[in-house]
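Every number here is computed from the coordinates shown, using simple stated rules; none is lab data. Note that this is a predicted model, so its numbers are computed, not measured. Cβ atoms come from the backbone with ideal geometry, glycine included; neighbour counts cover every protein chain shown.
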Amino acid sequence: MCNGDRNTYATYCNTRNSNSIQDAMSCINKLPFVTGLAWGCVNAQFGKCKCTADTSYQNDWAHTFSEAKNNLFKGCSNSIEAERYEGNMYLTYTCSTHNPWELEIRFNKSANIQTSYGNLTNKINDQIFVYRQSSWNDYPKINTTFYFEFVADGDVKPSNIILVLFDRQPVNISLIIVPPLSIFPSKPINISTNNGTYDYGAVLYASILFYESQRSGRLPSNKRISWRSDSMLKDCGENGEDLTGGYFIDGSSLEKISSRTAQFTSVLAWGVIDYEDAYVKADQIEYVRDAIRWSTDYLIKAHVNEHEFYERVGDEEFWKSLIDDWSRPEDILVSRPTLKIDLNKDNLFVPGEAAAALAAASIVFRLSDPVYHSKLLTHARQLYNLAKNNNRHLFLLPSKGGNALAWAALWLLRATGEQSYLLDAKQHYIEFELDEYTHTIYEEYIRTIGVQVLMAKIIKEQIYRKVVERTCNNVVHNMQTTEKGLAYIDAFSKLKSTADMAFFCLQAADIGINTQEYLNFTTSQIGYMLGDSGRSYVVGVGQNYPKKPRDRGSSCPALPATCNERAYLNPNANPYLLVGALVSGPSFSDYFYDDRMESKTNQVSVENNAGFQSAV
């Protein structure tokens, strides 16, 4: 038998030497406030049923901790472990199995079952279900343990299972009650208001939650995303440097790319600097500062010494291998490949982007954390100086390298007020012809447009204002638009590019350039993403939002169930609600196919949300 730790599991039912499984079932029925079930470690004989209940838990299903499996089922044999969470049931046979297999499940009421395991070979009165192996490779298992996952309708509970036969032999069941883990976030967020507009404060709240769901490394004790935990703790550099932390760039590759982290962080910080009152009003200012700090702490780690900087953790080949083995971030326990750049000779748009992000973030923390503010500025200056002094390589990538240098100089100018950065910004602007990118708008030029807007905002000269006006006019007046009103800037990044442009043109409106027209444009584009198009493109926000974002963590079933390609191919909604994630978006015909296997529609990324959140 198994004995649960009463201090850990407030409610339990231990059975031994009883005449029937039904006696054990009746024990469970005496516990009206039990929230979930985990069954396991059963001997052939059942006995007196001892029950206690903790009424602090409400009548709902529990989430079984991975620790519960380790503690409750240790030493079990010849038994069934079963649990249910959010409609999914899991049966695990703890003895080694063999080919072929047959599983029979009997309920005491009608049930509706869906599963991708085996073939349903018999069904009687919707109460008896028999499954057999469908092919040579249909062998669901965890190591040598048989594993069977299915979805039952909402009225069926584990206590409704009266018998399980494996290879036509009955498998004994006893019941152990474990307390629930509160799942957060678990409900969609209503953003409607009485006057027909959107509750933008609620949207800020949701978007910040999404950033928290994409964190890598050791998570803080006050983490809010209940289904995320520590991950990628073996991320380290060539010489053992600590590279844990930071954000996964997107929900599927799990890569950490410093230049792209820096890009979205600077835009996120820009929104906080200029619209801090909105964050304060929404009670989100501390949360967004934490979101920015999670980025900048990692960028500082990546800057391992004055002349070396880690650009990437993970690579394309590693990513491809993960697609073949879809799993939680927490399940990946190996060291990942890294890419380190020599700041004296390699492409220097990377340190330029990092310098800009750290300088912008330093403004965010100037008053709330002066020590951290100074630390950020120190690293920003070092990175910028190396990028500036070695820009002879930038002719290879003028759009990226040149705009990164100008971007960094402008943010250092705004952070310090030092005129040397003003002179640098003007020089970079001319040298790399950054005023030329006004008619052709692609994702790769979005950063250049950010430079143009900052030049007009900080330097306030008419020459820069005219460039911004040409750029935004081109987007507002000439950009191809879908029937429902989306400015279709880039066929792949879609909503990200549009959200970035909406934010930049909002900034133009703020400095008096075609204020009402650009404000209307921004409002219409953000409105399209939130529901004006007939659906929301932000997961868990508004009406008819995407249910299957391309995200590993939220697509995996609850522990202790394994997560693999079956979760990736699962036709149902993700088990967890990835609140706040802006997906890639629809086609030019406004058609959206909700499918996690399709990156062109369902990709989620920390980059997607930055311009969107700042525009909100």
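Put simply, the C-alpha atoms of region 194-246 give a gyration tensor, and the ellipsoid matching it has half-axes of 34, 12, 7 Å, longest first. Once the Cβ-Cβ distance between Leu422 and Asn194 is put in as r, and R0 is 60 Å, what FRET efficiency do you end up with, to the nearest 0.05? Here the calculated transfer efficiency is 0.80. Relative to the 2.2 N^0.38 Å rule of thumb, region 321-388 has a C-alpha radius of gyration ratio of 1.55. Note that region 601-611 has calculated 3J(HN,Hα) couplings of 10, 10, 5, 10, 7, 5, 5, 4, 7, 5, x Hz, one per residue in order, obtained from phi through the Karplus relation 6.51 cos²θ - 1.76 cosθ + 1.60 (θ = phi - 60°); glycine and proline are x. The calculated pair-distance distribution of region 234-359 uses every alpha carbon pair, bins of 10 angstrom beginning at 0, and gives 12, 40, 32, 15, 2 percent. On full extension, the segment bounded by Cys236 and Tyr593 gains 124.7 nm, given 0.36 nm per residue less the C-alpha separation.
Projected over every direction and averaged, the convex hull enclosing the alpha-carbon atoms of region 200-615 yields 18.6 nm². Modelled spin labels at Lys345 and Glu431, positioned 7 Å past Cα toward Cβ, are 2.1 nm from each other.
The calculated Kirkwood hydrodynamic radius for region 523-602 is 13.0 Å, given to one decimal from all distinct C-alpha pairs. Computed extension gain for Glu316 through Glu565, at 0.36 nm per residue and net of the alpha carbon distance, reaches 87.8 nm.
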